[in-house]
Every structure is written in C-alpha cells, then in structure tokens.
C-alpha cells in the first residue's frame with residue numbers, strides 16, 4: 001500500500017506515504033518449525049508491501065524480521081529496554097520504550113492486524129489487547145484457543161487470512 005494516491009478537494013494530487021503495519025508476535029524461544037514459519041510470514045508481509053512490527057528481540061521476532069528484511073521490507077522493533085542495542089540485527093526501525101512488557105500495548109496498538117506464532121504469556125497479552133482494539137488476530141502454531149481469532153495451518157494461509165480480514169473478506 002505504498003504511495004496511495006487520493007484527490008484532495010482543491011484538485012491537487014496528494015501522495016500518502018503511510019504503509020500498512022502488520023504485527024508478528026510470538027515466542028522468544030520458539031521451535032524450529034515456529035522459526036521457519038515466522039521467517040516465511042515475515043517474507044510474505046514484505047512481499048505485500050507492508051511494514052512488520054514486533055517486539056524486536058529474538059525467537060519468532062528475529063526470524064520474522066529476517067524474512068521481512070531479506071525480502072526488502074522494513075521492521076519496526078518496539079523494544080522493552082532503554083537501549084537499541086538489544087534489537088535483533090534485522091530491526092530497521094528500533095523504538096526504545098524502557099517499558100518492559102507494557103510495550104505489548106504499543107505493538108498491538110500500532111499494528112492493523114496481528115499474526116501470533118507459537119507463543120507464551122506475552123503473546124497471549126498482545127493477542128488479547130489486539131482483540132480488545134478490534135484488530136484481526138491470526139494464530140499459527142499457537143497454543144491458545146482464544147475465540148474471535150483465526151486459526152491458520154501454514155504461513156501462506158496466515159498471511160492470506162490476515163489480508164482478507166483487513167479487506168473485509170473474512171467474517
């Protein structure tokens with residue numbers, strides 16, 4: 001959704017540089033399958049022209065970040081500490097919060113939709129906040145059985161479900 005054009009009332013052409021931001025959340029200690037899925041999800045998000053937002057650390061966050069950056073995308077890392085030194089090497093836009101787990105609210109608020117891959121209690125909090133905010137949440141290999149979320153079996157299906165929900169093609 002890069003460079004969306006619209007016509008202002010005065011007839012001039014306006015170019016919006018705002019991009020769709022998709023959250024990838026999940027376990028900091030993920031399984032090999034979870035890491036592979038996170039990498040693929042990150043790559044697919046970049047291929048769709050969206051920005052990836054995550055917690056900026058390791059595990060699912062790092063794997064998704066790597067996939068996104070290797071596909072030419074940008075990664076917004078919302079970091080828990082007071083230094084950008086903690087960011088994984090694929091975060092292109094580090095945001096230092098010094099907020100610890102409270103940063104989960106920022107991640108859910110920033111993202112238009114979330115994909116949860118595996119996960120632990122922090123992931124569960126991000127999912128719940130996203131749901132409270134009315135964001136579509138897709139789970140991939142997640143242990144949670146939260147209602148009002150979509151369940152995907154592959155990275156491709158997760159990304160397709162997410163974009164379909166954003167476009168109003170999914171109930």
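Measuring from a point 7 Å past the Cα of residue 110 along Cα-to-C-beta, which residues in segment 22-40 have an amide N at less than 14 Å?
What the label zone holds, given the 14 Å backbone N cut-off, is 22-26.
Can you tell me what share of the DSSP beta bridges in the chain is antiparallel? A percent to the nearest 5 is fine.
Of those bridges, close to 10 percent are antiparallel.
On a 0 to 90 degree scale, rounded to 10, what angle separates helix 32-47 from the longest Cα axis of the chain?
In the chain, helix 32-47 runs at an angle near 10 degrees to the longest axis.
When 82, 28 are ordered from fewest to most other Cβ atoms inside 10 Å of their Cβ, what list results?
Ordered from fewest to most neighbouring Cβ atoms within 10 Å, 82, 28 come out as 82, 28.
Using only the alpha carbons of segment 18-166, what is the convex hull's orientation-averaged projected area in square nanometres?
Over every viewing direction, the Cα hull of segment 18-166 projects on average to 7.3 nm².
Taking the chain as the reference, fit the longest principal axis to its C-alpha atoms, fit the long axis of helix 60-70 to the helix C-alpha atoms, and give the angle between the two in degrees, 0 to 90, nearest 10.
Once rounded, the angle reads 40 degrees.
Relative to the longest principal axis of the chain, what angle (0 to 90°, nearest 10) does the C-alpha long axis of helix 155-166 take?
So the helix axis and the longest Cα principal axis differ by about 50 degrees.
Just so you know, all these numbers are worked out from the coordinates, no wet-lab data involved. Values in this document were obtained by computation on a predicted structure and should not be read as measured data. Using ideal geometry, Cβ is built from the backbone for each residue, glycine included, and neighbour counts are taken over all protein chains shown.
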